[in-house]
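Only one structure is covered here, and it is reproduced in the block below.
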Amino acid sequence: MGDCGAPGDVNSNVLVASTGDAQLDKAVWQWLSWDKNQKTKEQIESLLQDGKHGELRERLCCRLSFGTAGLRSAMGAGFCYINDLTVIQSTQGIYKYLERSFSDFKQRGFVVGYDTRGQVTSNCSSKKLAKLTAAVLLAKDVLVYFFSTYVPTPFVVYWENGAQITSPHDKEIIKCIEECVEPWNGSWNESLVDTSPFRQDPLKKICDSYMEDLTKICYHRELNVQSSLKFVHTSFHGVGHNYVQLAFKAFGFQPPIPVLEQKDPDPDFSTVKCPNPEEGESVLELSLRLAEKESAKVVVATDPDADRLAVAEQQENGCWKVFTGNELAALFGWWMFSCWKENCPQNADVRNVYMLATTVSSKILRAIALKEGFHFEETLPGFKWIGSRVKDLLDNGKEVLFAFEESIGFMCGTSVLDKDGVSAAVVIAEMTTYLQGQGLTLAQKLVDIYEMYGYHISKTSYFLCYEPPTIKRIFERLRNFDGPQSYPKCCGAYNILHVRDITTGYDSSQLNKKSVLPVSKSSQMITFTFQNGCVATLRTSGTEPKIKYYAEMCALPRHSGRSVLEEELHKLIEALIGNFLEPAKNGLTWRSV
C-alpha cells in the first residue's frame with residue numbers, strides 16, 4: 001500500500017506481471033494474494049490486464065482514513081475502498097489497539113451491528129462485512145455481541161464512552177491497522193458468527209432498554225394517547241421502520257403510517273434518486289403524496305441507517321414546508337428546555353444545563369441559552385466531538401438536554417451519545433401534538449421562537465470538486481489573500497471582523513490568535529465573521545469531493561425582520577462564492593439533486 005516494496009516480500013505463489021513500478025507491484029501482489037472475494041479480486045485483475053496503472057495506483061497505494069464519522073469510503077476494490085479485505089484489516093488493527101489498551105478487552109467484548117446497504121458489483125453487503133468483522137474477533141476468542149438483524153446506527157456504541165472515536169484513538173488505530181494488513185488465520189471464516197460460543201445476540205436486550213430509555217424524554221404521554229393526529233413515516237429503504245413503530249408505541253401514539261414502497265430494506269434505493277432526506281421535497285415525494293391521501297399533516301423521514309431525521313409539515317395553503325436542520329434545532333432546543341423547566345425539581349440550577357452544536361450549525365441555541373441562562377457550547381463538525389464532550393459534561397455532573405448538527409442530526413437526551421433519528425422522530429410527534437393543543441403548527445412555533453430569541457436565517461450548500469490540488473489552492477489563496485499569511489479583510493462590499501482557521505489553528509478574535517477549538521490539519525476549514533452579523537464557513541467534506549459553505553445571519557430579538565435578513569444573506573453568499581470560491585475559474589460544479 002503506501003509503503004509498498006518489491007513483490008518478493010509477499011509470501012504467496014501468486015504471479016503478477018510487473019507494472020514497472022515496484023510500489024504498485026507489491027500493492028497488486030498483496031491484493032491478489034489476500035483478497036478472497038472473487039468479484040473485487042477480478043476488478044483488480046481486470047485493471048492490471050488492461051494496463052490501467054493510474055487507477056490501480058489510486059485504488060491500491062493509499063488506505064482508508066478517519067473522517068468526521070469513522071472510516072468511510074465508497075464500496076469497491078482497493079485498499080482505500082470499503083470491501084471485505086479492508087474491513088478485515090481495519091478490524092485486525094482495532095483488535096490490536098484494544099488488546100494494548102485494555103487488559104480485559106476479550107471479556108468486555110465488542111459490539112457489531114449492520115444496516116441494509118450493499119453493492120452487488122462487489123458482492124459486498126453490510127451484513128457480510130459485519131460477519132467478517134465478527135470473524136476476526138471470534139477467531140481470537142473475543143466476546144462479540146453480534147446483532148441478529150439490521151439495527152439503527154445508534155444501537156451500536158463506538159468507544160467505551162458510548163461516543164464515536166476521536167483523536168488520539170483514530171491515529172493509533174490507523175497505526176495498528178498498518179501493522180496488521182495481512183489477514184490472520186480465521187479472519188475470513190464468516191461461519192464463526194453461527195458456530196462460536198463467544199458470539200451473543202444483544203438485539204432484544206438493547207431494543208427493550210432503548211425503548212424504555214425513550215420514555216425519559218416523553219413528557220406528555222396523556223396527550224399522545226388521546227391524539228387523533230396522523231403521521232407518515234418513511235425509512236428510505238433502510239432500517240428505521242420497525243424501530244420508529246416501536247418508539248411511537250413507547251410514547252403512547254398510534255403507529256405512524258409507513259410509506260409501503262420504502263418500508264423494507266432495498267440496497268438499490270429503487271424509489272429515490274438520492275436516499276438522503278436532507279435533499280428536501282424532491283426525495284420526499286412518495287411521503288408527501290401519501291400524507292395528503294391520509295390527511296396527515298406531518299411527515300417524518302429517517303435516513304437509511306436511521307441516525308438522521310427530516311421533517312415536513314403541510315401548511316394552510318396546502319404546500320409543504322420541509323424544515324432545515326437548523327430550523328428543527330430551534331424547535332428541539334425550545335422544546336427540550338421548556339420540558340426541562342416544567343419538570344425539573346424546584347432546586348434545579350439552570351446553570352448546570354447544557355446544549356451543544358457543531359460550529360458550522362446555527363447559533364440559535366446560543367441565543368436561547370443567553371436569554372434562558374443555560375450553557376451553550378460548540379464543537380468541531382462531526383457528532384464524534386459532540387458525543388465525547390457530552391460524556392465529559394455528564395461525568396462532571398452537568399445535565400445535557402440536546403445537541404445537533406445542521407445536517408439533520410439530533411440528540412435528544414443522553415441515552416445515546418450520537419445523533420439518533422428514531423428518538424428525534426417521536427419527539428417531533430409529541431411536540432406537534434402538544435402544539436396542536438395550543439392551536440399552533442410547527443412552522444408557527446418556529447416563527448414564535450425567532451421572534452423571541454432573534455431571527456437566525458441560514459443557508460448551506462456545496463460545490464463538487466474532484467481535483468484535490470484545486471481545493472488546496474482555493475484555501476491557500478484565502479490564507480495569503482493580501483500577501484503572505486494575510487487573510488481577506490473584506491469580501492466584496494462586506495467587511496470581515498474576524499477569521500478563524502481550524503486547519504492552522506489561527507483565530508483573530510482571540511488575544512493569543514489561537515483557536516479555542518482543536519486544530520484539524522487533515523481537512524480545510526475557515527470561518528469568517530462579518531461586521532453585519534453574518535458568520536460564514538468554507539470547509540471540505542471528510543468523505544466526499546465537496547467544498548461546503550455554511551452562512552447564517554443572526555439578529556437580536558425584535559430587530560431585523562426575516563425578509564431583510566434573507567436578502568442580506570443572499571447577497572453575501574453571492575459575494576462569498578464569487579470572490580472566495582471562484583467556481584468558473586476553478587471548475588467547480590454546483591450542487592444538484
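A few notes on this one:
- Selection of trypsin sites (Lys or Arg not before Pro), segment 514-593, meeting DSSP coil and at most 14 other Cβ within 10 Å: 521, 558, 591
- Spatial separation of Cα centroids for segment 227-266 and segment 527-553, in angstrom: 34
- Cα gyration tensor category, rounded, prolate or oblate, for segment 46-115 with a/c compared to 1.5: prolate
- Only the Cβ atoms of Lys and Arg (+1) and of Asp and Glu (-1) were treated as charged; on that basis the dipole of the chain about its Cα centre amounts to roughly 760 debye.
- Taking a sphere under 13 Å around the Cβ of residue 139 and counting the other residues whose Cβ falls inside, with K and R at +1 and D and E at -1, yields a net charge of +2.
- Percent carbon-and-sulfur accessible area, segment 475-523, ignoring ligands, DNA and RNA, probe 1.4 Å: 54
- Chymotrypsin sites (Phe, Trp or Tyr not before Pro) within segment 62-154: DSSP coil, no more than 13 neighbouring Cβ in 10 Å: 102
- A dipole drawn for the chain from +1 and -1 charges on Cβ atoms has a positive end, and of 111, 315, 329 the residue lying farthest that way is 329.
- 3J(HN,Hα) couplings calculated from phi for segment 346-353 with the Karplus curve 6.51 cos²θ - 1.76 cosθ + 1.60 (θ = phi - 60°) are, in sequence order, 4, 8, 5, 9, 4, 6, 8, 9 Hz; Gly and Pro show x.
- Accessible-area composition of segment 164-267, carbon plus sulfur, in percent [1.4 Å probe]: 52
- Within-14-Å neighbourhood charge of residue 334 [Cβ basis; K, R +1; D, E -1]: -2
- Over the chain, DSSP H runs of length four or greater, each weighted -39,500 (n - 2.57), average out per residue to a 222 nm ellipticity of -11500 deg cm²/dmol.
- For P(r) over Cα pairs in 20 Å bins from 0, in percent, calculated from these coordinates, the label among [x] 18, 46, 23, 8, 3, 1, 0; [y] 17, 44, 27, 10, 2, 0; [z] 18, 51, 28, 2: [z]
- Förster radius 51 Å - calculated FRET efficiency between residue 584 and residue 195, Cβ distance, rounded to 0.05: 0.25
- Per residue, in Å², the accessible surface of the chain once ligands and nucleic acids are set aside, probe 1.4 Å: 44
- DSSP assigns beta bridges within the chain; of those with both partners inside it, close to 70 percent run antiparallel.
- Over the chain, relative contact order from alpha-carbon pairs under 8 Å, at least 6 apart, %: 10
- Local electrostatic count at residue 504 - Lys and Arg +1, Asp and Glu -1, tallied over other residues with Cβ under 12 Å: +2
- Of 216/341; 249/273; 140/419; 216/398, those spanning more than 21 Å from alpha-carbon to alpha-carbon: 249/273; 140/419
- Segment residue 111-residue 249, length gained on full extension (0.36 nm per residue, minus Cα span): 47.0 nm
- Among beta bridges identified by DSSP and lying wholly in segment 455-590, the antiparallel ones come to about 95 percent.
- Span from the segment 386-400 Cα centroid across to the segment 161-182 one, whole angstrom: 23
- Think of the chain as a dipole: +1 on every Lys or Arg Cβ, -1 on every Asp or Glu Cβ, centred on the Cα centre; then among 270, 587, 286, 587 lies furthest on the positive end.
- Segment 529-570: C-alpha gyration tensor shape, a/c 1.5 cut-off, then a/b vs b/c: prolate
- Aspartates and glutamates with Cα under 14 Å of residue 571, excluding same-chain neighbours fewer than 8 positions away: 552
- Other-chain or far-sequence residues with amide H under 5 Å of residue 541's (modelled H): 546, 548
- Electrostatic dipole magnitude of segment 206-323 [Cβ: Lys, Arg +1; Asp, Glu -1; Cα centre; debye, to 20]: 400
The values are calculated or read from the model by the stated rules, or taken from the named source; none is laboratory data. Given the structure is predicted, the values throughout are model-derived calculations rather than measurements. Here Cβ is always computed from backbone atoms with ideal geometry, including for glycine, and neighbour counts include all displayed protein chains. Keep in mind that these areas ignore ligands, DNA and RNA; they rest on the heavy atoms of the full protein, side chains included. Shrake-Rupley method; radii C 1.70, N 1.55, O 1.52, S 1.80 Å.
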